[in-house]
1. Applying the selection to the stretch 144-167, what residues are among the polar types (S, T, N, Q) and assigned to a helix (DSSP H, G or I)?
2. Please find, within the stretch 102-141, the residue that is farthest from the ligand (Cβ to nearest atom) out of those that are assigned to a helix (DSSP H, G or I) and open to solvent by 70 Å² or more (accessible area, probe 1.4 Å).
3. State all residues of the stretch 1-53 that are modelled with pLDDT under 90 and closer than 17 Å to ALA66 by Cβ; if no residue qualifies, say none.
4. Looking for whichever is of a type in the set (A, V, I, L, M, F, W, C), farther than 16 Å from ALA287 by Cβ and without any contact (Cβ under 8 Å) to a residue 40 or more places away in the chain here; the options are PHE426, PHE459. Which one fits?
5. Show the residue pairs meeting these rules: Cβ distance below 8 Å; 6+ apart or different chains; first residue within the stretch 93-122 and touching a residue at least 12 places away in the same chain (Cβ under 8 Å); second residue within 16 Å of the ligand (Cβ to nearest atom) and acidic (Asp, Glu).
6. Tell me yes or no: at least one residue of the stretch 95-104 is among the hydroxyl-bearing types (Ser, Thr, Tyr) and touching a Gly at 6+ places or on another chain (Cβ under 9 Å).
7. Restrict the check to the stretch 84-101 and report whether at least one residue is closer than 22 Å to TRP18 by Cα and away from the ligand (no atom under 14 Å from the Cβ).
8. Please go through the stretch 190-201 and give me each residue that is part of a helix (DSSP H, G or I) and open to solvent by 30 Å² or more (accessible area, probe 1.4 Å), ordered by number.
Amino acid sequence: MGCAEVIALDEVRARKHWTTLRQRLHERFDRWLDRLESALPEGEPTLGQVSAAIWALRQQLTGGVAETIVHHTHQEEQRRQHMPCPTCARLLPARGPVQRCVETMIGAVELERPYFYCRVCRAGTYPLDAMLGVRTGRMQPDVQQAAVDLATEVPYETAAMLFGRLSGITISSERMHTFTHQVAEGLSVVEVAPSREEIDRRVGQVAAGRFRRPVLVLGIDGAYVPSRPESARGRRPGPARHRARRARWRHEWREAKGFRFYLLDGERIVHVLSWHQVHNEQELGEALQQVKDAGLIPEDTVRLCVVCDGAEWIWKHVQALFPHACQVLDYYHCAEYLHKVAKAQYGPTVQALEWVEATLTRLYMRKMGTVLGGLRRMQPTSAEALKAIDNCWVYLYAHRGRTDYGRLRRGGYPLGSGGMESANKFICHVRLKRSGAWWYEANSNQMLALRCAKYNGTFHQVFTRSQHQQAES
Ligand SMILES: [Zn+2]
């Protein structure tokens with residue numbers, strides 16, 4: 001007498017169980033075929049007609065299959081007569097059964113399960129729901145994830161319309177809004193960032209077969225978000241009938257400040273991490289600090305390089321957080337600055353262009369001293385030119401260690417922050433700059449956080465986090 005016989009018996013039971021389930025599925029399929037039969041046109045249908053008839057009924061089939069499997073595999077739980085109260089352990093009798101319908105990507109699933117209520121604890125429970133991992137609300141996580149996925153690409157109205165058309169599930173645009181809020185609520189930079197392991201993997205890919213450590217670029221920049229003030233939410237005074245339909249507020253453009261870490265792989269850019277929010281300089285600094293504190297930046301295996309325009313606050317953060325990073329003043333920003341001086345001093349002349357080119361060449365050749373001296377000796381041709389020359393001297397002096405363009409190029413460092421512009425476009429412009437869309441700050445930041453998650457390859461991770469949070473609460 002051994003385990004073999006017991007196992008054999010288990011196998012027989014499992015097979016019998018599966019055979020019964022198959023029979024039920026076949027019966028279900030038969031009923032579905034009856035419906036299909038009446039939906040098909042008479043005679044010889046075209047492929048389009050067949051496809052349309054099946055498309056309209058597909059979720060009844062797939063949802064039905066799921067429903068049959070669930071019922072069959074949880075029979076005991078559905079028939080349960082008693083359960084001990086989870087709090088006081090009193091034996092509770094089953095009530096119901098109570099029906100519930102949940103919506104999944106494969107269709108609606110009807111559940112029928114007993115309810116247990118403890119009068120002493122004044123608490124009720126559906127044990128089957130917990131076993132199945134069914135969430136409160138009709139729409140289940142797979143539907144929510146797909147909806148948010150779409151709503152972070154196109155406006156809510158369009159998303160709701162496309163979702164219904166492609167999935168057969170009707171979700172209002174308000175609902176899409178709600179799901180998006182739930183997923184994005186309270187997201188921080190560390191939560192949308194890839195893990196250190198993932199970042200190391202990307203670094204390893206670029207480093208493979210190379211003699212020098214790869215260059216990891218940090219770009220910091222702003223993009224403009226069409227915004228509306230918080231006051232636009234307020235109801236206007238007076239009886240509703242006389243209230244103007246249009247809110248009395250002015251739109252404004254607010255700056256979403258962001259940063260992006262990316263690797264240079266020859267001509268190619270390998271993205272690592274982006275974070276954009278409508279926030280102030282200090283908050284951006286704090287976000288960078290969080291990234292550093294979380295140990296996400298592999299400073300030992302890369303050559304870190306920061307490319308930015310002239311803004312002083314940016315360099316302050318960089319100096320404090322990554323003092324060993326190579327600093328680069330964006331070449332194009334610098335050139336633009338020089339053009340302004342030349343225009344003020346020489347007007348729209350060839351001489352102006354020649355001066356800019358000569359100056360850039362000197363910077364390239366590491367002759368900052370000559371450039372600064374030249375500016376000092378320049379004879380201003382107007383009050384405007386005087387001001388421009390003075391400003392330029394201050395600007396170049398402040399960035400004197402960041403314009404060694406010749407050496408930077410030989411070292412494989414970038415001279416401009418072009419990688420930042422594409423991030424701005426993907427994260428900010430594509431979704432937030434839509435005609436007629438003016439965002440409240442909180443909403444724009446949530447959308448930006450989700451767009452960053454997508455760009456960083458962490459959208460699924462972010463969604464799973466919100467599901468855990470909802471399950472806990
Ligand atoms: Zn109880």
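1. If we filter the stretch 144-167 for residues that are among the polar types (S, T, N, Q), which is where we start, we get 144-145, 152, 158, 167.
Within the stretch 144-167, GLN144, GLN145, THR158, SER167 qualify.
2. First, pick out the residues of the stretch 102-141 that are assigned to a helix (DSSP H, G or I): 127-132, 141.
Filter once more, so that each one left must be open to solvent by 70 Å² or more (accessible area, probe 1.4 Å): 130-131.
Values: ALA130: 16, MET131: 20 Å.
Filtering the stretch 102-141 for residues that are assigned to a helix (DSSP H, G or I) and open to solvent by 70 Å² or more (accessible area, probe 1.4 Å), the one farthest from the ligand (Cβ to nearest atom) comes out as MET131.
3. Across the stretch 1-53, the qualifying residue is only TRP18.
4. PHE426
5. Filtered contacts from the stretch 93-122: no entries.
6. Of the residues in the stretch 95-104, the ones among the hydroxyl-bearing types (Ser, Thr, Tyr) are 104.
Narrowing the set further to residues that are touching a Gly at 6+ places or on another chain (Cβ under 9 Å) leaves 104.
Taking every residue of the stretch 95-104 in turn, at least one turns out to be among the hydroxyl-bearing types (Ser, Thr, Tyr) and touching a Gly at 6+ places or on another chain (Cβ under 9 Å).
7. Taking every residue of the stretch 84-101 in turn, none turns out to be closer than 22 Å to TRP18 by Cα and away from the ligand (no atom under 14 Å from the Cβ).
8. Filtering the stretch 190-201 for residues part of a helix (DSSP H, G or I) gives 190-192, 196-201.
Hits for the stretch 190-201 are VAL190, GLU191, ARG196, GLU197, GLU198, ASP200, ARG201.
The values are calculated or read from the model by the stated rules, or taken from the named source; none is laboratory data. Just so it is clear, the structure is predicted and the values come from calculations on it, not from any experiment. All Cβ positions, glycine included, derive from the backbone under ideal geometry; neighbour counts span all protein chains shown. We work out accessible area using only protein heavy atoms, side chains counted, and drop any ligands, DNA or RNA first. Shrake-Rupley method; radii C 1.70, N 1.55, O 1.52, S 1.80 Å.
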